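Student: I have a structure I would like to understand better, so I am pasting it below and will then ask my questions one at a time.
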Amino acid sequence: SNPHTSLSLLRAFYAEGLVDHSTYLAWLVQQTSSCNLAQLGFVARLADEFLEGMLICRALTRPFVEACMTRLAEVRTCLSTLPRADFPPSIYACQIRSTSTKEHLASLEQVLKSLVLVCRPSLVSCLYTYIRHPEVAAWTT
């Protein structure tokens, strides 16, 4: 099936209340935690689109932020282990893949950071997040 059609239907059904909001948003939080990094780019963009619904419920927002922070750490670890551009071009195809991967991960890092920043005001009283991830308090938009 066409992904654009599926997303259009999801948006319309969600807006009309034909998709249970709490079930869908809980699924989105779960996917943020459990999908692979290639899938996370898509899931994070979905989360961004439906974030307003998640911000209403701290029971969803807190685990979503925790999942984003965990995945952000994973993305940063992957970025730090990719081959550097100044390595000898002995395996050119690998370097092309690494460049593509690096671009995906860098973009994903920005999306995750943005999601956490948007959620931050609704979690101001949630000290656990700030104790566990003090760097969030230092981020600027």
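Derivation of every value follows stated rules applied to the coordinates shown; laboratory data play no part. Quick caveat, the model's predicted, so the values are computed rather than measured. With ideal geometry, Cβ positions are generated from the backbone for all residues, glycine too; neighbour counts draw on all protein chains shown.
Student: Once you list every other residue whose beta carbon is under 12 Å from the beta carbon of Ser107, what net charge do they have if Lys and Arg are +1 and Asp and Glu are -1?
Tutor: +1
Student: Give me a comma-separated list of calculated 3J(HN,Hα) values for region 36-52, in order, Karplus coefficients 6.51, -1.76, 1.60 applied at θ = phi - 60°, integers in Hz, x for any Gly or Pro.
Tutor: Going residue by residue, I get 7, 5, 5, 6, 4, x, 5, 4, 5, 6, 5, 4, 4, 5, 10, 5, 4 Hz, with x marking Gly and Pro.
Student: Continuing with the same structure: Can you give the FRET efficiency to the nearest 0.05 for Thr99 and Gln30, using r as the Cβ-Cβ distance and R₀ = 41 Å?
Tutor: Working from the Cβ atoms, E equals 0.85.
Student: Taking the mean number of other Cβ atoms within 10 Å as a proxy for protection, how do you rank 100-107, 17-24 from highest to lowest?
Tutor: Ranking, from highest mean packing down: 100-107, 17-24.
Student: Which residues' amide hydrogens lie under 5 Å from the amide hydrogen of Val19, considering only partners 5 or more residues apart or on another chain, with H built in the peptide plane?
Tutor: Tyr14
Student: For region 1-40, state what percent of all Cα-Cα pairs lands in each successive 5 Å bin, counting from 0 Å until the bin that includes the largest distance.
Tutor: Answer for region 1-40: a P(r) of 6, 21, 18, 25, 23, 6, 1 percent.
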